[in-house]
Amino acid sequence: MKHRLSSYLRQLEAESIHIMREVVAEFRNPVMLYSIGKDSAVMLHLAMKAFYPAKPPFPLLHVDTTWKFREMIAFRDREAQRLGVDLMVHTNEQGKREGMSPITHGSALYTDVMKTEALKQAFAAHGFDAAFGGARRDEEKSRAKERVFSFRNAAHNWDPKRQRPELWHLANTKVKPGESMRVFPLSNWTELDVWTYIYLENIPVVPLYFADKRPVVERGGTLIMVDDERLPLDPGETPEMAKVRFRTLGCYPLTGAIRSDATTVPEIIDELIASRHSERQGRVIDHDQTGSMEKKKQEGYF
Amino acid sequence: MPQLSVVGGKKESASDRLAARIAAEEDRGLLRFLTCGSVDDGKSTLIGRLLYDSALVLEDQLLSMERDSKRPNATQGGEIDLSLLVDGLQAEREQGITIDVAYRYFSTPRRKFIVADTPGHVQYTRNMATGASNCDFGVLLVDARQGVLTQTRRHACILSLLGIRKVAVAVNKMDLIDFDQARFEAIAEEFAEFARPLGFELITSIPCSALRGDNVTSPSPHMHWYHGPTLLAHLETVDVSHRVTNAPFRFPVQWVNRPHLDFRGYAGTVASGSIKTGDEVVIHPSGKHVHVARIVTADGDLERAEEGDAVTLTFAEEVDASRGDVIAAAMPETAPSVSDQIAAKVIWFDEEAMLPGRAYTIKCGSQATTATISALKYKLNVDSLDHVAGKTLELNEVGLCNISLARPLVFDPYGDNAETGSFILIDRFTNATVAAGMIEFGLRRATNVQWQELFIDKSARATLKGQKPCVLWFTRLSGSGKSTIANTLEKRLHALGRHTYMLDGDNVRHGLNKDLGFTDADRVENIRRVAEAARLFVDAGLIVMVSFISPFRSERRMARELVGEGEFIEIFVDTPLEVCEARDPKGLYRKARAGLIRNFTGIDSSYEPPEQAELALSTSNTSPEPWSRCWSTSSGVATSSSQNLQALGRAGMAFPGGIFVPGGGDGGVGVDAVDAGMIQHFPVIGEGELVGGLGVTLFRQACEQTPCRGELTFAEQHLGALV
């Protein structure tokens, strides 16, 4: 069942649709980075609306690190089929052959090879000149500084000191060959906006967002789900079945679960409002260096 | 004060609570505001304070802030540094400054807020403008110890230019001046005085301390003398509703949606007004009339779409429209302007200065074309708000420009519609966004009126007469010598076989304008009629001399823009008031001083000197500084005094337009001055060659090609080419 959107959410929706149409009109070969999470779900839902009755005139790209939750992959394929959109999956094959893993190589190197490098490979292989990402400004301090249309040089680097001025709703979409644009249609959405919209628009999300009994181990205060046999257990460490859910989804060894009883979107929202922790706190990769998100972004991470 | 407190009792379900929250949100307005002001005035700390006091800082953010506050380069000496909540870039945290705008989202039970924290450093002004462009309200911070600084004024100017009508002046760091009431009031007064010409509807001054929390979210215990609202209370209640309910419909076509042969829709966002199915609309610039068949959305067709809605329109008629077209209501009186010449306020963002004549890409809504700055009419001095002349705009400078476009643009004045009246300029080589602009008006007003096609045009008539038609517009006070010079010139031109006509202020008031008085409004109409008459004479192929006081810049500008590029030559007869009054050939100054004549220019009605006259003439040899009013180096200057010429040389003034030495004076002074080494490489022109000094562009080119050293005959060679 669909509900009526508040006028504020209608504004956010229209703004995102406007951004997407601008990209399709101005760029030669755009792509939508689809990370399977709730933000991607909203972004894809908005893309279906923006070009209706046409399908989104660009493919989705999932950069598969091979360490995603199994439920995420199943959901990804189900959604692509349900919506009839073109889904591309790219993995850094060399990294995969070398057995890159967040466990043995550390989160920083692993993320660089399996996410950032992989993304650059996909750009080079397909010649994309623009890529949509589902990042929001309320997620993290350096993201709060980023433009909706964020320019990347030929090395995919972001230069936070020289961002293009972005006035009114006018975007400078000019890029030279090899350069590209990262575009964030959800820039002005907050986590609460996203969940409220998911609820009102009845958008399917990965079941991992809802509380259920799952096998987890506690490491350094973070609950890690044992999603498959690749997660080495320390001596004496036994997975505990706990009622947990995820606020954010990434690679399972790098994504912390929270103990929760929220099994519906309204319950998630209740929990969110009561919560005293910010959303990305469960992400290990944000904390491995000071200013680490900015560093990753400068190097080409989304 | 947790904003998102759970509503209702325990028995309700989570979805009931959510429904109640959504309903409550509907009643809560949204305020988009920015914080700006000079560097180190405490903008980021203020936002940090707002978030912190509103209990919106989450536990892990707080921990990371506390950790970073203790780092060796922390700017608050180990005390908690609230600015770290918003300064998200590494370079910002290291230097303790804000480089780029940060957006924060928070809400209180009364309002939702989107706040843009903008940088104070002058080199990041473009980022401040970025933040301000989508805001309804500005919080301008002032350091109580520093008072109003240049950067405070610059930001106030930009807020005003971008159309923000209400501001709060947060006088911050009151704790550092012992909460001194007198100091606060002095700052508030100084700002109000400065900002008067900027036309803000509301300026609210609030004394506060972002660091200590005084008057930010709760009233200060240290300032009992202050009875106004706290900053947050003001943000929660200030009325910024500006939406014009009956604004004309505008819909820039963003993308043409053609999934199959049976569907052709035009996707875009309604920029203003509203539309219903069945409405007649016009597609600009083609001017085709069509009817809206459907308003398509993924959630079903709509009956009506209004401002802000992203929809797809289909039309009942077969029609060809594309990205860049603007669909507007079919009401001629509210139609958008279509012009390839516009006047616009421009803020320059690039390290490389604006170059008149260089081609840039202009993007206005979904339209893009090539634009050239044809003239910088003036620059704004942000300290004094004076209009000053200039050739270029440097980084962060603001000016009014005439811009010509490779093809016509569909637009509205920015004051009427920010969406269809704003643009950016993009460097075609570096792809940098070099400027933002706000359109004032189109320069070819005639584009709004249908023209009767004529077979014989201006150039045909001019060719028959063997001359280049133009307007020589003499302006300045009564008694300055305008008519005398114009008469001499006309005699001379007539002798040369030119076809001329003279429009004299006094004479025209006996006929065409005899129904007009001397109020400002009547003066404007007086000039409008004369300018139109001059335009007709130019169209007829004549050289028209206009000798009018014409005291206001805007009307002279209007007259200039009625005729083509290079056809309007403004001559500023720069005679000081004292000299005019001493001459008083018609006895008018005496009458005005006696109070017998009201609204007399120079006495009780103002005269706005030109900023870029093609020629400035001084008919006085008593004025101590005859060049002091020659703003533009493209102007010629004229003088009859060798003393003045020598002074000019000493001052190193360059007047490539030439120096005119009237026959009535000492014809040899120019040569003397050049010989004396006072002035070098400037042509000195005799009276007969005055005309040669008028066609500035041609004359400057000639100067560049000729090593001229005061040759009195120089201009004679070029006379034929000019008129």
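The values are calculated or read from the model by the stated rules, or taken from the named source; none is laboratory data. The model shown is predicted, which means the values in this text are computed figures rather than measured ones. We place every Cβ from the backbone using ideal geometry, glycine too, and count neighbours over all the protein chains shown.
Quick look at the values:
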| read-out | value |
| --- | --- |
| Residues satisfying the stated conditions in segment B:382-415, i.e. crowded, with 18+ Cβ neighbours inside 10 Å and free of Cβ contacts under 8 Å to residues at least 40 places away in the same chain | B:Gly390 |
| Exclusive hit being at pLDDT 85 or above and more than 23 Å from B:Val563 (Cα to Cα), set B:Gly511, B:Gly541, B:Gly517 | B:Gly511 |
| Hits in segment A:62-85 (condition: closer than 19 Å to A:Glu229 by Cβ and not in a loop (DSSP other than H, G, I, E, B)) | A:Lys68, A:Arg70, A:Glu71, A:Met72, A:Ile73, A:Ala74 |
| In segment B:275-331, the residues that are of a type in the set (D, E, K, R), farther than 24 Å from B:Asn417 by Cα and either within 14 Å of chain A (Cβ to nearest Cβ) or surrounded by 18 or more Cβ atoms within 10 Å (Cβ to Cβ) (or both) | B:Arg294, B:Asp299, B:Asp301 |
| In segment B:346-370, the residues that are of a type in the set (A, V, I, L, M, F, W, C) and modelled with pLDDT of 90 or more | B:Val346, B:Ile347, B:Trp348, B:Phe349, B:Ile362, B:Cys364, B:Ala368 |
| For B:Gly8: the one exception among (1) over 30 Å from B:Leu159 (Cβ atoms); (2) surrounded by 14 or more Cβ atoms within 10 Å (Cβ to Cβ); (3) at pLDDT below 85 | (2) |
| From the options B:Thr392, B:Thr370, residue that is more than 23 Å from B:Arg557 (Cα to Cα) and of a type in the set (Ser, Thr, Tyr) | B:Thr370 |
| Any chance B:Asn417 is over 30 Å from B:Ala353 (Cα atoms) and at pLDDT 80 or above | no |
| Some residue of segment B:160-168 being assigned to a helix (DSSP H, G or I) and under 20 Å from the mean Cα position of the chain (by Cα) | yes |
| Total residues in segment B:428-451, condition more than 17 Å from B:Pro285 (Cα to Cα) and either assigned to a loop (DSSP other than H, G, I, E, B) or at pLDDT below 90 (or both) | 5 |
| In segment A:16-47, the residues that are surrounded by fewer than 21 Cβ atoms within 10 Å (Cβ to Cβ) and of a type in the set (D, E, K, R) | A:Arg28 |
| Lone unmet requirement of (1) polar (S, T, N, Q); (2) in contact with a strand residue (DSSP E or B) (Cβ under 6 Å, 6 or more places away or on another chain); (3) outside any loop (DSSP other than H, G, I, E, B) for A:Ser16 | (2) |
| Candidate set from segment A:155-192 (those that are assigned to a loop (DSSP other than H, G, I, E, B) and of a type in the set (Gly, Ala, Ser)); member that is nearest to B:Val434 (Cα to Cα) | A:Ala171 |
| Residues within segment B:154-183 that are crowded, with 21+ Cβ neighbours inside 10 Å and among the basic types (Lys, Arg), tallied | 2 |
| Selection within segment B:465-517 - without any contact (Cβ under 8 Å) to a residue 40 or more places away in the chain, in contact with a helix residue (DSSP H, G or I) (Cβ under 9 Å, 6 or more places away or on another chain) and polar (S, T, N, Q) | B:Asn513 |
| Any helices (runs of 4 or more DSSP H) falling wholly within segment A:86-154 and containing at least 2 residues that are touching a His at 6+ places or on another chain (Cβ under 6 Å) and in contact (Cβ under 8 Å) with a residue 60 or more places away in the chain | A:118-126 |
| Segment B:332-355 - residue that is within 16 Å of the chain's Cα centre (by Cα) and over 15 Å from B:Pro285 (Cβ atoms) and, of those, surrounded by the fewest Cβ atoms within 10 Å (Cβ to Cβ) | B:Lys345 |
| Failed item in (1) within 10 Å of chain B (Cβ to nearest Cβ); (2) surrounded by fewer than 19 Cβ atoms within 10 Å (Cβ to Cβ); (3) acidic (Asp, Glu), with A:Asp86 passing the rest | (1) |
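Conditions (1) within 25 Å of A:Thr65 (Cα to Cα); (2) over 23 Å from the mean Cα position of the chain (by Cα); (3) of a type outside the set (Phe, Trp, Tyr), marked per residue:
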| residue | (1), (2), (3) |
| --- | --- |
| A:Val206 | yes, no, yes |
| A:Gly220 | yes, yes, yes |
| A:Glu237 | no, yes, yes |
| A:Phe246 | yes, no, no |
| A:Val265 | no, no, yes |
